[in-house]
Ligand SMILES: [Zn+2]
């Protein structure tokens with residue numbers, strides 16, 4: 001009997017370890033890791049496959065292949081291949097367990113992600129204590145309390161984050177270094193509605209939308225991460241891509257849960273690779289219809305990049321001067337928006 005229990009525990013632990021490793025590999029895509037360490041590559045074929053010179057042996061002609069979807073590499077020169085952990089083992093000549101530990105350190109160190117978690121929770125509590133913030137959400141057409149909760153939307157009223165976090169044991173210097181406060185100790189996100197940007201459950205950044213006269217958009221001064229909510233949206237073969245998180249919130253509210261957001265019109269390499277991680281995916285680009293044509297130009301550029309990376313891109317046109325958020329606020333319905341999608345132009 002005891003033997004049985006210890007077997008069962010052993011098996012459970014093994015499974016948990018396997019899950020942890022899978023999560024680690026998802027959080028650091030192999031291609032992204034290599035590129036961060038200055039590996040240059042070109043795309044080959046229709047698959048999300050890249051080839052470049054092998055970092056593991058000296059060579060003049062590229063024979064090191066990376067499949068971005070499978071998250072695997074193989075070198076035809078030295079015959080070695082595997083996943084991210086295998087690569088680190090070979091590249092840094094570390095045993096397996098140390099390679100895993102090294103990769104865990106490559107991620108945002110735990111205190112920082114915990115700190116962002118605490119910050120987001122604090123701001124989320126503040127939201128309902130400040131009528132001006134709730135009023136702002138209503139003004140932007142965001143009314144569904146369950147969705148506001150699901151997106152963990154918060155509000156930085158200003159001036160009291162530092163007290164809260166230092167009481168929890170975080171140093172002034174760390175808060176300053178992360179960019180949560182300024183040198184006077186005031187919230188950097190003062191008078192902003194806050195959206196935590198998560199990736200695989202971990203907060204990577206915070207986006208703050210000013211409700212006053214300050215510059216509208218603000219992120220913490222580090223990577224904006226991948227596409228918003230890609231864990232769920234990435235399952236779809238048809239994806240709607242918008243510029244801003246309010247656009248996303250309003251589309252989710254209207255039932256278009258396959259909407260993601262790049263926070264801006266410029267996509268990072270990771271975000272572009274995500275859009276193309278499934279063959280034949282159709283991407284509807286719904287950027288702002290700016291008077292100065294900036295959004296329209298950005299849509300055209302992106303559609304070109306997507307097409308050459310193997311995805312099908314469609315550019316959705318809303319009435320001039322509108323973005324998806326203002327379109328719904330002005331009375332557009334889910335049916336109207338569906339018509340806009342159906343009328344979307346090919347490149
Ligand atoms: Zn090689």
Query raised in the report: Can you find even one residue in the range 159-173 that is surrounded by fewer than 20 Cβ atoms within 10 Å (Cβ to Cβ) and in contact with a strand residue (DSSP E or B) (Cβ under 7 Å, 6 or more places away or on another chain)?
Result: yes
Report task. Could you list all residues from the range 53-66 that are buried (at least 17 other Cβ atoms within 10 Å of the Cβ) and more than 9 Å from the ligand (Cβ to nearest atom)? Result -> 62, 65, 66
Report task. Out of the residues in the range 32-49 that are within 19 Å of residue 85 (Cβ to Cβ) and buried (at least 16 other Cβ atoms within 10 Å of the Cβ), state the one that is farthest from the ligand (Cβ to nearest atom). Result -> 32
**Report entry** Residue among 265, 260, 312 that alone is within 20 Å of residue 237 (Cβ to Cβ) and under 19 Å from the mean Cα position of the chain (by Cα)
**Finding:** 260
Report summary line: The residue that is nearest to residue 221 (Cα to Cα), considering only those in the range 136-175 that are free of Cβ contacts under 8 Å to residues at least 12 places away in the same chain and assigned to a loop (DSSP other than H, G, I, E, B), is 171
**Report entry** Residue list for the range 70-114, restricted to those being surrounded by fewer than 16 Cβ atoms within 10 Å (Cβ to Cβ), within 17 Å of residue 18 (Cβ to Cβ) and within 15 Å of the ligand (Cβ to nearest atom)
**Finding:** 82
Query - Residues of the range 318-335 classified as surrounded by 15 or more Cβ atoms within 10 Å (Cβ to Cβ) and either part of a loop (DSSP other than H, G, I, E, B) or touching a strand residue (DSSP E or B) at 6+ places or on another chain (Cβ under 8 Å) (or both), total - result: 5
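Quick note: the coordinates plus some simple rules give every number you see, no bench work behind them. Note that this is a predicted model, so its numbers are computed, not measured. Reconstructed Cβ throughout: ideal geometry from the backbone, glycine too, with neighbour counts over all protein chains shown.
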